[in-house]
Amino acid sequence: MQAVILVGGKGTRLRPITYHIPKALVPLRNEPFMSYMVKFLRSGGLDGAVLSMGYLPDPIQAYFAKRKDLDDFKIDYAVEDHPLGTAGGIKNAEKYLKGDPLVVVNGDVLSGLDLKEAIRTHQESGAFATITLTSVEDPTAYGLVEVDHEMLVHRFIEKPAYDEITTNLINAGVYVLEPGVLDMIPKGREVSIEREIFPRLQEQGKLRAYVSSAYWRDIGTPRSYLAASHDALSGAVGADENFEYLSVDDSTEVGKNVKILPPVSVAAGCRIGHRATIGGRSSLGYGCRIGEGAVVEGSILLDGAEVEAGAVVRGSIIGPGARVGQRAIVRGLSVLGAECVIGEGNILDQGIRVNPGVVLSPRSLSF
Ligand code: GTP
């Protein structure tokens, strides 16, 4: 069985990181996200996937070209010249599909779902299309999916107010589709599977649900990306025994359960650790440099990021090659783009986003 992985979106909610790195390749525990996706699809017994691409396809293709362990997992690439949406992207992949039932997955979903079981349920129920659902604590931020006692989908509710909440089940972004679903998708224009195809299937009584209580998260926002990174670091998902650790010298205070991958330089007296409120565990990419006495908590530092002496980074994402100057503070879900420079003494808080290459001049400190 083949999969279509939807990776053509612009990832606007994760900007400025996604100006340079497609969401499909943002790292979790220093492994590009697609590596988790391939593991997930292989766990379902799949033998190949078509990457449905549009935005920044080249780095994704380059990543797969470098992987030499995929002889038994065939990858094809269907590249759009303009965005075709989630259903249009599946249609555009049709030329690489063999006309069998297929799995479709949003390329930003980290899932512990039992994919084999979901496929089996789809086959045994004789469904035309099966949508997997997961439950969330705060359903107001999502589109909800109501099912009846026979697991037929009977209503979609877009971003409900509190008094409209009748379920906490949401679309988990993993589908099993009969090939006939592709015939419902018009060619060459933008089509959304969530807004156009699923409602039509639901009206026709052809859309079934598979509800899973397994681990699930998307990585589409800074908050959820930090949470997914924490989960990958803590082994809640994608555990890997070949994990490498770097020992840091005794003068460096590294928080409990912090894992640092080489080559990373950490100066004396730093605190690198966990933050319970936002961000969880920290992850430092290849070639990161942490200066003397700096603090990094609940954050992701991408490759080559630098936190200079006395600076503080909390609950934030620092883009590749970005530099946080001496005694600067970056916190509160702030996101720094590639190669930007936060001059000495600046304070960034409350989800500030700094575009790639921007240089903030030093500020004199009043404390
Ligand atoms: P935001 O701009 O932050 O909403 O991100 P996004 O558009 O990348 O992601 P969204 O959650 O809206 O889309 C779900 C999945 O579908 C993601 O994995 C996207 O990469 C993918 N996707 C979205 N739009 C397209 C498209 O036009 N073509 C293709 N092939 N994939 C798409």
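Taking the average, over residues, of other Cβ atoms within 10 Å as the packing measure, peptides 149-156, 224-231 rank 224-231, 149-156 from highest down. Among 209, 162, 284, flag the residue with its Cα farthest along the positive direction of the charge dipole of the chain, charges on Cβ as +1 for Lys/Arg and -1 for Asp/Glu. With unit charges placed on the Cβ atoms, the residue in question is 284. The modelled label-to-label distance for the pair residue 77/residue 234, using points 7 Å beyond Cα in the direction of Cβ, is 3.7 nm.
When the solvent-accessible area of the chain is split by element, carbon and sulfur atoms take up 47 percent of it, the probe being 1.4 Å.
Between 72, 108, 58, the Gaussian network model of the chain with springs among Cα atoms under 10 angstrom shows the greatest mean-square fluctuation at 72. Listed values for region 326-340 are Karplus-derived 3J(HN,Hα) couplings in whole Hz (6.51 cos²θ - 1.76 cosθ + 1.60, θ = phi - 60°), namely 3, 6, 6, 10, 10, 8, x, 6, 7, 9, 9, x, 4, 6, 7, and x replaces Gly and Pro. With 0.36 nm allotted per residue and the present C-alpha distance subtracted, the residue 162-residue 98 stretch has 18.6 nm of extension available.
Within 10 Å, count the other beta carbons around each residue, average over each peptide in 2-10, 29-37, 210-218, and list them highest first.
Values: 2-10: 24.8, 29-37: 21.1, 210-218: 18.2.
Averaged packing, sorted descending, gives the order 2-10, 29-37, 210-218.
Given R0 = 45 Å, the distance between the Cβ atoms of residue 183 and residue 361 translates into a calculated FRET efficiency of 0.15. Within the same chain, lysines fewer than 8 places from residue 91 are excluded, and of the rest, those with a Cα less than 26 Å from its Cα are 10, 23, 39, 74, 116, 187, 206. Each Lys and Arg contributes +1 and each Asp and Glu -1, all at the Cβ; summed about the Cα centre of the chain, the dipole is approximately 640 debye.
Hey, can you rank 164-175, 95-106 by average C-beta count inside 10 Å, highest first?
Working: 164-175: 19.4, 95-106: 17.7.
The packing order, highest mean first, is 164-175, 95-106.
Looking at the chain, the DSSP beta bridges with both ends there are about 30 percent antiparallel. The amide H of residue 306, built 1.01 Å from its N in the peptide plane, has 289, 322, 323, 324 as neighbours under 5 Å, considering only residues 5 or more places off or on other chains.
The residues of the chain have, on average, 44 Å² of accessible surface per residue, using a 1.4 Å probe with all protein chains present. With unit charges on the beta carbons (Lys and Arg positive, Asp and Glu negative) and the dipole taken about the Cα centre of the chain, which residue among 198, 235, 293 sits farthest to the positive side? Comparing the listed Cα positions along the dipole, 293 ranks first. Shape of the chain from its Cα gyration tensor (a ≥ b ≥ c, root eigenvalues): rounded if a/c is under 1.5, otherwise prolate when a/b > b/c, or oblate? Here the chain falls in the prolate category.
The values are calculated or read from the model by the stated rules, or taken from the named source; none is laboratory data. Just so it is clear, the structure is predicted and the values come from calculations on it, not from any experiment. Because the Cβ atoms are built from the backbone with ideal geometry, glycine has one as well, and the counts that use them run over all protein chains shown. Each accessible area value is taken on the protein alone, full model and side chains, heavy atoms only, with ligands, DNA and RNA left out. Shrake-Rupley method; radii C 1.70, N 1.55, O 1.52, S 1.80 Å.
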